[in-house]
1. Between S169 and V322, how high is the FRET efficiency from 1/(1 + (r/R0)^6) when r is the Cβ-Cβ distance and R₀ = 35 Å? Nearest 0.05.
2. Hey, how many Å between the Cα centroid of the stretch 282-298 and the Cα centroid of the stretch 160-197?
3. In a shell of Cβ-Cβ distance under 12 Å around A111, excluding A111 itself, what net charge do Lys and Arg (+1) and Asp and Glu (-1) give?
4. If R0 is 30 Å, what FRET efficiency do you get for H468 and A212 from their C-beta distance, rounded to 0.05?
5. Please work out how much accessible surface V255 shows to a 1.4 Å probe, ignoring ligands, DNA and RNA, in Å² rounded to 10.
6. What is the Rg over Rh value, at two decimals, for the stretch 18-57, using alpha-carbon atoms and the Kirkwood definition of Rh?
7. Give me a comma-separated list of calculated 3J(HN,Hα) values for the stretch 445-460, in order, Karplus coefficients 6.51, -1.76, 1.60 applied at θ = phi - 60°, integers in Hz, x for any Gly or Pro.
8. Given a cut-off of under 8 Å on Cα pairs at least six residues apart, what relative contact order in percent is computed for the chain?
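The values are calculated or read from the model by the stated rules, or taken from the named source; none is laboratory data. These numbers were taken from a predicted model, which means no experiment stands behind them. Here the Cβ positions follow ideal geometry from the backbone for every residue, glycine too, while neighbour counts run over all protein chains shown. Side chains included, ligands, DNA and RNA excluded: accessible areas come from the protein's heavy atoms. Shrake-Rupley method; radii C 1.70, N 1.55, O 1.52, S 1.80 Å.
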Amino acid sequence: MTAPAPALRTGSAAGRGTLLAAILASGMVFLDSTVVNVALPRLGAELHATVAGLQWTVNGYLLMLAAFVLLGGALGDRFGRRRVFLLGVAWFAVASVLCGLAQDTGWLIAARFLQGAGGALLTPGSLSVLQASFHPDDRGRAIGTWSGLSGVSTALGPLLGGWLIDTLSWRWIFFVNLPLAVGVVLAALRWVPESRDEEISRTGGGRRFDVAGALLGALALGGVTYALIDAPARGASPAVLVAAVLGVVAVVVFVLVERRRGDTAMLPTGLFSSRLFSVLNVFTVVVYAALGGFTFFLAVYLQNVVGWSALLTGLATVPMTVLLLVGSPRAGALSARIGPRLPLTVGPVIAAVGLLLLRRVGPGASYWVDVLPGVALFGAGLTLVVAPLTTSVLGAVSDRFAGVASGFNNAASRAGGLLAVAALPLLVGLSGTGYEQKGALADAYRGALAWCAGLLLAGAVLAAVLIHRPPKQSGGPA
């Protein structure tokens, strides 16, 4: 049986309702990806969290997203995109309420793991619903609208979160997801059509429906992350060593399992026969590690050392997001004309200069004089990277692997942030309640930003030496 052709139009009530559902849902996930960093000092003080507790508050969420986002997309393809999308929304909302009700760090971390699992169902679903539901003539406009308005929510997230934290409590950055989720569910039930991959549904086959691969990926990331986070407090204890070994073994077994499954694997290893695809994903991990480490330390430092409010801290990163929104289309067009090597080389260098400027920020710092120039440079550098990187990743593989290549690159970016948040406190000697001590945090902040700048410069070297124009962009074979 052939699936009916998608028919929604952007000008229709159903088209607008479907867009509304997808944008609100993505907004929840983006909000919780950006605003939690702003809340870390407040929730840490109220729940008496250690640095490890703050790390797991961020990384529990990232771990589940990175490990299960590909599986979430495959579940939607098989069992129905709207059904899995709604399941993810409901799951995310319940987990958000549990986060807001947390009475101790363990409770909050467990709820963040659950929230990340819901996000792994929700994130691929919001885009796949648009891809499958809209008429081909309107699909580009719908996805462009979704991308733009979701980006606006990312920019407004830290401001909204900072205001909620200052006015009410850090708990409200999670509670605010509940009315958003209700709006998504009502809109989806009313307007979003159900769709699925009919071939997968009929035969039970299909690429990427790979539970073993997803679990091994989670075990690998989880083991390494646990070892990095607990090492400052426990040293080379049996628990840390076992976690590290388990993570490494899981990586090896993951590769073996995925190679054996071939094209039915969650991550077909044949993709890595493209050297460009492999290099681009290493570049992704490096650059997004710098981004994740920078945003983790900046939010805590501005509040606990510089003495800013949560709202002003949220405002600090808005120029970076605005530059990404305005500049990414132009950076993508530039890359299409001249190839990705120059943007991917120059962008990280500019971003690294921004981080080195931000190392000078201290108590009594001025937003306009001390913080804005560094944040603007970092944002400008990142703007040169994001669109060319995405386009190059898709251009490095055959069209039939575009979905899994995009999904893996998304997971690689989250894994980079996760590993940076896990490793940087260890590298700069921050542990226990050191983030509450101005001297210890100031030293750690400057050291962390130096590491992040070094990662960006390493990415620039990688791009200059090994990255070239993908064959499909230059008119070669796919």
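1. Numbers: r = 28 Å, r/R0 = 0.79.
Approximately 0.80, to the nearest 0.05.
2. So the two Cα centres are separated by 27 Å.
3. Details: positive: R112, R171; negative: D32, D104.
Summing Lys and Arg as +1 and Asp and Glu as -1 gives 0.
4. On the way: r = 35 Å, r/R0 = 1.16.
Efficiency computed from Cβ-Cβ geometry: 0.30.
5. 60
6. 1.20
7. So the J values, rounded to whole Hz, are 4, 5, x, 5, 5, 5, 4, 5, 5, x, 4, 5, 5, 4, x, 4.
8. Numbers: 852 pairs, mean separation 102.1, N = 478.
Computed over the chain, the figure is 21 percent.
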